[in-house]
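J.: Before we start, here is the structure in question, set down as structure tokens.
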Amino acid sequence: MSYLLAFLVGGGLTALGQLLIDGTKLTNAHMMVVFVVSGAVLTGLGLYEPLLEVAGAGAAIPVSNFGYVVTQGVLQKLQAEGLFGLFSGIFSVAGGVIGAAILFGYGIALLFKPRG
Amino acid sequence: MATRLGRRSVTFDRAPAIIETANLAGAMEFDGPLGEYLQVRIDDPYLGEASWEKAESRMQEEALRAVLRRAGRQETEVDLCITSDMLNQCTSCSMALRHLDVPHLGIFSACASLTEALYLAATAIEAGTAGLVMVDVCSHHESAERTYRFPTELGIQRPPTAQWTATGAVAFLIQAGAAGPRITGATVGRVIDAGITDPYDMGSAMAPAAVDTLVTHFREFGRAPDAYDLILTGDLARVGSAVARQLLREQGYELGDRYSDCGVLLYDAERQDVHSGGSGMACSALVLSGFLMHQLRTGRYRRILLAATGALHSPTTYKQGESIPAICHAVVLEAEPGGAGEGEGA
Amino acid sequence: MGDLQGAQFQATVEAVRPKPDYIGNALRAFLVGGLIALLGQGVTEYFLAAGYTTPQAGARAAVVMVFLGAILTGLGWYDRIAQFGGAGAAIPVTGFANAVVAPAMETHPEGTVMGTGSQLFTVAGPVITYAVVAGVLSALARWLVLGG
């Protein structure tokens, strides 16, 4: 069941992104920004977490989840550390993905050559 | 001497001839419908170099040397070399020309650079400022993607209106009073911006410029389209050439079968994943250097009109929301009178 | 010269220009995006079975998916998946990894500092910037209103 929901929600979110690109002439970059901002706003409204509970990776794999983890990190740190959490919380949860992207990205970029 | 016809057109009365041509092209271009007319196949898009840009420069230099070799001429005999490419600051020709001793003019009209260069070459010969002129244009699929769009490995889906930049370097040698297809006239384009902002729809953006130049050409030359065996626009591809055909119809010109487009001819869109068709300076240049030169040399075509089109935007103007200015320069090419196959043509 | 630039031209272009295959593109995006999410679920379940909490398993799965996106980009496959799947390949975190690796590997000839080092985020940068700006504002608003 969790696999089916992940497939349906993950597929549904990306199909929505595709309709956004085809229907509005938004570029990929704009569409991805729309997704992360939506993820952050939905988290603020308390709506992204229920989606994650239902869909698992279906909501965690799309880039909207990046908006969620940043918001989530800042919220946790705001509660723990007060206003300084606005800064310290930004990458407290999201840091893993950024770190992985830099390390793997750098390594792969050095090892491989574009094939065109 | 050249004779002016109206404000934008001219006939070249000394009839400068394209005495030799050389081309290198990528695997996609060789696998296309006109592959049999091409000369040197490039299977490694890097040409053994470390970057796409170096590869393009290398390709350019090899085309320049090949055309001299094929004609049996020395670089010191060249009075003028006119080149263009699509990298920033036209660096691929400049890098290539470090190694050649030729007087050089660099120009840029995007994919209309080929016909701009042919016009300038013929004009110089008519004016007597140069005897033997070398023309060379080049584009490289991957370096153009990087310059104009995105990194080649980025996962971007290309829409059906997108065009495929051809990989190729093409050189011509032009001289009056020699054997070969002649450049007998030209019509210079003006910049037209039809308000298209989508860099994945350059065909539609360039179609009005092509129509403007073609209609002006017919009027100033006093010729109907049937004065030509073939009228070719350069790089409008399927979408843009359909727009151009419709716009010409609205202007009262029904071109029918004698009209086609280099971006349509270079690839087989059913078989090759090129979306709307070909583009890039090499697109019209490969069609001319291979297929058209063959048809003109054998007399299959007696007179053709080649109207190469260029989209004059940059990645910066695009990001700033500017629409795409376009231009089209047309040259008249005729088979050598009394040449091979005389009388076979239309 | 007649109307080459005005409303009639726009109408001509609209009539001739092929429309994107909305339904087909959306279905292909659904399939690719869904399959990547399915794979992500599988990796998450693996970490859950290994005894990690849900957030821990999710974070580890994301790192694995970033690696997959990066390696597929290096091998030159990811742009092909994206030509088929469109947003289905761009939106998952594997697409984020692709957006990091693609400009960096292309700029390798410009050196490891001005090239690879500086270009990692030329495409993915806006995603991070807007995630941070929107995330901070959203979290602050929620904190002020609900106290968490």
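The values are calculated or read from the model by the stated rules, or taken from the named source; none is laboratory data. None of the values given here were measured: they were computed from a predicted structure. Please note: Cβ atoms are built from the backbone with ideal geometry, for glycine as well, and neighbour counts cover all protein chains shown. We work out accessible area using only protein heavy atoms, side chains counted, and drop any ligands, DNA or RNA first. Shrake-Rupley method; radii C 1.70, N 1.55, O 1.52, S 1.80 Å.
J.: Specify the inter-centroid distance of region A:44-65 and region C:11-29, based on alpha-carbon positions, in whole Å.
T.: 30
J.: If the viscosity is 1.002 mPa s and the temperature 20 °C, what translational diffusion coefficient in µm²/s does Stokes-Einstein give for chain B when Rh comes from Kirkwood over Cα pairs?
T.: 109
J.: Another question about this same structure. Could you give log10 I(q)/I(0) at q = 0.11, 0.14, 0.18, 0.21 Å⁻¹ for region B:182-334, computed by the Debye formula over C-alpha point scatterers of equal weight, without solvent?
T.: -0.39, -0.64, -1.04, -1.37
J.: List, by residue number, every residue in region A:95-116 with a reduction of 50 Å² or greater in accessible area between the chain on its own and the complete protein assembly, 1.4 Å probe.
T.: At a threshold of 50 Å² (probe 1.4 Å), the residues of region A:95-116 that become less exposed are A:Val97, A:Ala101, A:Phe104, A:Tyr106, A:Ile108, A:Ala109, A:Leu110, A:Phe112, A:Lys113, A:Pro114, A:Arg115, A:Gly116.
J.: Can you grab the distance from the C-alpha centre of region A:96-115 to the C-alpha centre of region B:202-223, Å, no decimals?
T.: Each part's Cα centre sits 48 Å from the other's.
J.: Hey, what do the phi angles of region A:104-116 turn into as Karplus ³J(HN,Hα) couplings, whole Hz, using 6.51/-1.76/1.60 and θ = phi - 60°, x for Gly and Pro?
T.: Residue by residue, region A:104-116 yields 5, x, 5, x, 5, 4, 6, 7, 10, 10, x, 9, x Hz.
J.: Averaged across the residues of B:156-167, what count of C-beta atoms belonging to other chains lies within 10 Å of each residue's C-beta?
T.: Details: counts 14, 18, 4, 10, 5, 6, 0, 0, 0, 0, 0, 1.
The per-residue average across the peptide is 5.
J.: What 222 nm value per residue comes from the helices of chain B, counting each DSSP H run with n ≥ 4 as -39,500 (n - 2.57) and dividing by all residues, nearest 500 deg cm²/dmol?
T.: Value at 222 nm, helices only: -9000 deg cm²/dmol.
J.: Quote the total accessible area buried by chains C and B together, excluding ligands, DNA and RNA, probe 1.4 Å, nearest 100 Å². Mind dumping the intermediate values first?
T.: Values: alone 10470 and 13350 Å², together 21060 Å².
Summing both chains' loss of accessible area gives about 2800 Å².
J.: Report the Stokes-Einstein translational diffusion coefficient (µm² s⁻¹, integer) for chain A, Rh taken as the Kirkwood radius over Cα pairs, at 20 °C with viscosity 1.002 mPa s.
T.: For these conditions, the coefficient is 137 µm²/s.
J.: What is the set of long-range amide H partners of B:Ile196 at a cut-off below 5 Å, with H atoms built 1.01 Å from backbone N?
T.: Those qualifying (amide H under 5 Å, at least 5 residues apart or on another chain) are B:Ile324.
J.: Nearest-5 percent of antiparallel DSSP beta bridges in the protein assembly as shown?
T.: Rounded to the nearest five, the antiparallel share is 65 percent.
J.: Shifting gears a bit: Once you order the gyration tensor axes a ≥ b ≥ c over the Cα atoms, which shape class does region B:63-113 get: rounded for a/c under 1.5, otherwise prolate or oblate by comparing a/b with b/c?
T.: prolate
J.: With solvent modelled as a 1.4 Å probe, how much accessible area in total do chains A and B shield from it at their shared surface, in Å² to the nearest 100? Write out the running numbers ahead of the final one.
T.: Values: alone 8040 and 13350 Å², together 20630 Å².
Chains A and B together bury roughly 800 Å² of accessible area.
J.: Compute, for chain C, the length of the dipole vector about the Cα centre, with Cβ point charges of +1 (Lys, Arg) and -1 (Asp, Glu) only. Units Debye, rounded to 20.
T.: Roughly 340 debye for chain C.
J.: Average partner chain C-beta neighbours within 10 Å, per residue of C:40-50? Don't jump to the answer; show the numbers that get you there.
T.: On the way: counts 9, 13, 4, 2, 6, 5, 0, 0, 2, 0, 0.
The mean count of partner-chain Cβ atoms within 10 Å per residue comes to 4.
J.: Follow-up question, since we're still on this one. Averaged per residue, what accessible surface does the protein assembly as shown expose to a 1.4 Å probe, in Å²? Before the final figure, lay out the partial values.
T.: Working: 23090 Å² over 610 residues.
Value returned for the protein assembly as shown: 38 Å² of accessible area per residue.
J.: Taking the convex hull of the alpha carbon atoms in region B:117-174, what volume per residue do you get, in Å³?
T.: Once divided by residue count, the hull of region B:117-174 is 95 Å³.
J.: When a/c is below 1.5 the answer is rounded, else prolate if a/b is larger than b/c, else oblate, so apply that to region B:1-65 with a ≥ b ≥ c taken from the square roots of the Cα gyration tensor eigenvalues.
T.: Because a/c hits 1.5 or more and a/b exceeds b/c, region B:1-65 counts as prolate.
J.: Can you compute log10 of I(q)/I(0) for region B:178-261 with the Debye formula, treating each Cα as one identical point scatterer, at q = 0.19, 0.21 Å⁻¹?
T.: -0.86, -1.02
J.: Take the alpha carbon atoms of chain C, find their radius of gyration, then divide it by 2.2 N^0.38 Å using N residues; give the quotient.
T.: Normalised Cα radius of gyration, chain C: 1.43.
J.: Over all Cα pairs of the protein assembly as shown, how is the pair count split among 10 Å bins, expressed in % and running from 0 up to the last occupied bin?
T.: That works out to 4, 16, 24, 21, 15, 11, 6, 3, 0, 0, in percent per bin.
J.: Still on this model: Go ahead and run the numbers for FRET between A:Glu49 and C:Asp21, Cβ-Cβ distance against an R0 of 41 Å, rounding to 0.05.
T.: Working from the Cβ atoms, E equals 0.70.
J.: Would you please report the Å³ per residue occupied by the convex hull of the alpha carbon atoms in region C:1-85?
T.: Spread over its residues, the Cα hull of region C:1-85 gives 148 Å³ apiece.
J.: Using a 1.4 Å probe on the protein chains only, how many percent of the accessible area of the protein assembly as shown belongs to carbon and sulfur? Walk me through the intermediate numbers first.
T.: Values: 13660 of 23090 Å².
Ligands and nucleic acids excluded, carbon and sulfur reach 59 percent.
J.: With the Cα gyration tensor of region B:3-175 in hand, convert its eigenvalues to equivalent ellipsoid semi-axes via √(5λ) and list them largest first in whole Å.
T.: Result for region B:3-175: semi-axes of 29, 19, 15 Å.
J.: Right, another one. Given a 1.4 Å probe and no ligands, DNA or RNA in the count, how much accessible surface is buried by C and A, both sides, to the nearest 100 Å²?
T.: For chain C against chain A, roughly 5400 Å² becomes buried.
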